[in-house]
1. I'd like to know if region 29-41 contains one or more residues that are of a type outside the set (D, E), assigned to a helix (DSSP H, G or I), assigned by TED's automatic domain parsing to the domain that holds L83 and surrounded by 15 or more Cβ atoms within 10 Å (Cβ to Cβ).
2. Condition check: of a type in the set (S, T, N, Q), assigned to a loop (DSSP other than H, G, I, E, B) and touching a residue at least 24 places away in the same chain (Cβ under 8 Å). Does N44 satisfy that?
3. Taking region 177-225 on its own, how many of its residues are of a type in the set (A, V, I, L, M), part of a helix (DSSP H, G or I), under 17 Å from P311 (Cβ atoms) and in contact with a Lys or Arg (Cβ under 9 Å, 6 or more places away or on another chain)?
4. Looking at region 179-205 only, could you name the residues that are under 13 Å from E258 (Cβ atoms), in contact (Cβ under 8 Å) with a residue 40 or more places away in the chain and not basic (K, R)?
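The values are calculated or read from the model by the stated rules, or taken from the named source; none is laboratory data. It should be emphasised that the depicted structure is a prediction, and the values quoted were computed from it without experimental measurement. No Cβ is skipped: glycine too gets one built from the backbone with ideal geometry, and neighbour counts run over all protein chains shown.
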Amino acid sequence: MFPEWTWIIGFWIGAAVGSFLNVVIYRLPRGLSIAKPVHSFCPNCKARLTGPELVPLLSWLFLGRKCRHCGKPVSSRYFIVELVNGCLWACVWWLHLSGPDTMGDPVRAVALMLFCSALVAAIFTDIAHYIIPDQINAFMLVVGLAANGIQIAQGAPGAWTGPLPSSVAGALTGVGALWGIALFGRLLFKKDAMGHGDIKMARGIGAVLFPMMALVSFGLAVMIGALVGGWVVYLRWTGKIKDPEVSEGEDDEPYEPESIGSLLWCGLGYVLCIDCLGLLWPKLYEWWFGENPYSTEEIEEDPQVELTMIPFGPSLAAGALAAVLFDGPLRQAVEGYLQTNFGGS
């Protein structure tokens, strides 16, 4: 569809979008609007940033990784987010718009680029604050539904899964898979086995990737989570990284897992997308979930967690990214396995 070299354009557009993602990652967990103020500012001195300070990748490098106004170091996260998002957009651009084997599907390409960006924002927010903002999860769902709607209008193959649009079937698959794990863990181990942000993220992943590839991405996420989680726990245990264990003082509240009734009620809310609609009508969110969707707790820049507390959101997002980048080989492997063992796909 486009000349092969144009993946470079995709990279720089992605890096520019990554600059916006840094705004999202900083502001959403703190309850700040991503629209006001319109201008970007230094997180240390709050000085307004101007054009030369906002060039993706290059500004951070040429300014010596410091704020030009206060001289304090600027986190490498800003550079990493722009670089990672640029690389992801370049890969999707190559796979769907300019590579030698591309099918030239601009709708799918744009949807996957936006999806990858949402996953990047979710990864870095979850790592920093152990939360995944509802706005990010709702955005994934909307991207999946919108792209699938265009596919249906175009009569594209795969737009339907049985009687349901593939995005709807995928969203239900995502909710069912991770909510099922949460319910199973609560019943069997009497503990919270899955965060609600992860359940909502799985819904968005299913809406974009559709049922089969969503399940593949969840399987990859489990493997990634086991490897990364084991490595992080080992580093914490050996003292090679800061010990995050919370002290057990007298003021600590006893652990109380979520009730089964709450888990069932919230799961129904996620199926009905009450959390997404509640971003537009906060009263609906408050009525269903008992809290304001825009309320935020005080953010700790260096939060303390238990030794074995590893956020699953980054692994879930990494599995989805792997499914996007290696869709063809993974799909062939799954279909080949199904054909061999069950005589069908």
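1. The answer is yes; a qualifying residue exists.
2. Yes.
3. Result for region 177-225: 1.
4. Matches in region 179-205: W179, A182, L183, L187, D192, M194, G195, H196, I199.
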